[in-house]
1. Can you name every residue in the range 93-114 that is touching a Leu at 6+ places or on another chain (Cβ under 9 Å), under 15 Å from L80 (Cβ atoms) and not polar (S, T, N, Q)?
2. Starting from the range 58-77, keep only residues that are surrounded by 12 or more Cβ atoms within 10 Å (Cβ to Cβ), then list their pairs with residues that are modelled with pLDDT of 90 or more and among the small types (G, A, S) whose Cβ atoms are within a distance under 7 Å, requiring at least 6 positions of separation or different chains.
Amino acid sequence: MNAEYAMNRYRAVTDETAIAEEILLRLLDGALRFAEEGKAAMAAKDFALKGKRLMQVVAIIDELVTALDREVAPEVTANLARIYQFARGRLIHANTTLTAKSVDEAIRVLTPVRDAFHKAIQQQKAA
């Protein structure tokens, strides 16, 4: 009975982790999509939509920073926090100065993070 309980518990934890990883990937996908939409709204001079979309990305980044588990991998999470804070700063700059280049800089640093998480999830599923 103990082995069966342990196996069921392992499966439950694995399922919960997979769900958390999928949520993380969806958040990053949403952040990148909203950043692109904010940049497009900026070009179209739809400043209300630009502000809404860029601030949605900032809110997602704030959640990603909050969710970092600094005890598990301090160096990795510190690097992620720096990337997230850089992107956040560029988005706020873009929102206040109407600088599309700043949105591009945020997208440039967030895309590899998203891609790395996607690759890790795919590798975990294959294992």
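The values are calculated or read from the model by the stated rules, or taken from the named source; none is laboratory data. Bear in mind that the values here come from a model prediction, so they are computed numbers and not experimental data. Don't worry about glycine lacking a Cβ; one is built from the backbone with ideal geometry, like all the others, and counts go over all protein chains shown.
1. The answer is A106, L110, V113, R114.
2. As it stands, the answer is I60/G30; I60/A31; I61/A31; I61/A87; V65/A81; L68/A81, since those pairs meet every condition given.
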